[in-house]
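These notes concern the structure reproduced below.
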Amino acid sequence: MTAPFVTRVSRADAAAVGDAVRCLKAGGLVAFPTETVYGLGADATDGRAIARLYEAKGRPAFNPLIAHVADLAAARALARFEAEAEKLAEAFWPGPLTLVLPKTAGCPVAELATAGLDSIAVRVPHHPVAQKILAAFGRPIVAPSANRSGHVSPTTAAHVLADLRGRIDLIVDGGSTPVGVESTIIACLDAPMLLRPGGLPREDIERVLKRPLAEPPTGIVPEDDAPLAPGMLASHYAPRTRLRLDAERVETGEALLAFGPTLAAGSENAARVLNLSQRGDLIEAAANLFSHLRALDAAGAKSIAVMPIPHDGLGEAINDRLARAAAPR
Ligand code: TXA
Ligand code: MG
């Protein structure tokens, strides 16, 4: 048994930013909001801090992390930008886009964070709290989503606390994260390839590139394979309760995750009903996805019926996360 460990929670103000930076410098673990989901931050150049981070998340060590930096200039110290990567960074940073790029020769990010790959995932978040911490820290911060491995990503400080209390040093509470699903990941190693649909819709990216994104060679990476984007592990985003997708009606004892103005048949008998977006808005639905999944998971229903959700825009990321949450484990 290690000594009891207290996780502090601070409202995001100037003092909390200072506290976060001191903590990161000392090799600590700090959860903070980004526009997508809460990240669990560690000094990207500190191998020991990163080892603690893997330990706190219970994450398989082969799963590489995203290095977060304050701006494109800082990103250039870590990664090489070819023409198309440059275009995407100019168009969408700061924002919910992660680029997987060739590492620079002098890249200061610890080998453990990139799991020995010669590519690196880099992101410039636009959330003001993330921006302030990155600017004040002045070094890259690795930040996976701040949940235990295999759980859904946290969109509030309370979600982070529920998963990581006693395992991390500090949570900077900046309210709910506006986008609600993780960043879109594009590899620019060859033709730009969509590794993970996310908070930036594919259509926006293809408009800037003026061509369709390449698809990864296999839809889903096997659990113990050398992963291209281990976020693609089939059952990565998992509530405990079984999910039943594209449900047209609710069975007895089920909870309902609804979408749109008209509820599925049988909803009056549901154990609990939460609507991702009553007006059928995919942006609102993404923002509600993980907190609604958590709340329905806690309802003790025999399963969660999920109404069909359109696949366009942010619907691609929403359907992707739901498919993972429903994958057999
Ligand atoms: O929105 C987000 O991206 C959040 C916030 C906190 O920034 N972060 C996040 O990190 O979702 P994480 O660790 O939960 O997911 C990062 C994904 C993983 O699936 C990882 O395998 C993939 O990025 N990844 C990281 N480096 C990679 C690389 N060099 N090549 C391919 N995939 C990589
Ligand atoms: Mg994650």
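Is the shape of the stretch 132-205 best called rounded, prolate or oblate, per the rule: a/c under 1.5 gives rounded, else a/b larger than b/c gives prolate, else oblate, with a ≥ b ≥ c the square roots of the Cα gyration tensor eigenvalues? Prolate, since a/c reaches 1.5 and a/b exceeds b/c. Per residue, the stretch 286-327 exposes an accessible area of 29 Å² to a 1.4 Å probe, with every protein chain left in place. At what distance in angstrom do the alpha carbon centres of the stretch 33-96 and the stretch 272-329 lie from each other? Spelled out, the Cα-based centre of one part sits 26 Å from the other. Residues whose amide H lies under 5 Å from that of Asp46, counting only those 5 or more places away or on a different chain, are Ala110; hydrogens are built 1.01 Å from N in the peptide plane.
Whole-Hz Karplus values for the stretch 243-255 come out as 9, 10, 7, 6, 6, 8, 9, 9, 8, 4, x, 8, 8 Hz, taken residue by residue from phi with 6.51 cos²θ - 1.76 cosθ + 1.60 and θ = phi - 60°; glycine and proline positions read x.
Here's the picture: a label point sits 7 Å out from the Cα of Glu251 along the beta-carbon direction, and within the stretch 293-312 the residues with their amide nitrogen under 15 Å of it are 301-307. Listed by chain and number, the lysines whose alpha-carbon sits under 28 Å from that of Lys103, ignoring those within fewer than 8 places in the same chain, are Lys25, Lys57, Lys87, Lys132, Lys210. Taking amide H atoms as placed 1.01 Å from N in the peptide plane, the amide H of Val152 lies under 5 Å from those of Ala238, each 5 or more residues away in sequence or on another chain. Please list, in chain and number order, the residues 5+ apart from Leu195 or on another chain whose amide H is under 5 Å from its amide H, with Hs placed from the backbone. For Leu195, whose amide H was placed from the backbone, the distant partners under 5 Å are Ile185, Ile186, Ala187. DSSP bridge analysis restricted to the chain gives an antiparallel fraction near 40%, rounded to the nearest 5. Surface composition of the chain: carbon plus sulfur atoms contribute 54% of the solvent-accessible area (1.4 Å probe, protein chains only, all chains present). Each of Val30, Val208 has its accessible area taken with a 1.4 Å probe; listed largest first, they run Val208, Val30. Projected onto their three principal axes, the Cα atoms of the stretch 1-101 cover extents of 51, 34, 22 Å, largest first.
The values are calculated or read from the model by the stated rules, or taken from the named source; none is laboratory data. Owing to the predicted nature of the structure, the values given are computational and were not obtained by experimental measurement. Here the Cβ is made from the backbone with ideal geometry for all residues, glycine too, and neighbour counts use every protein chain on show. Quick note on the areas: whole protein, heavy atoms, side chains included, nothing else; ligands and nucleic acids left out. Shrake-Rupley method; radii C 1.70, N 1.55, O 1.52, S 1.80 Å.
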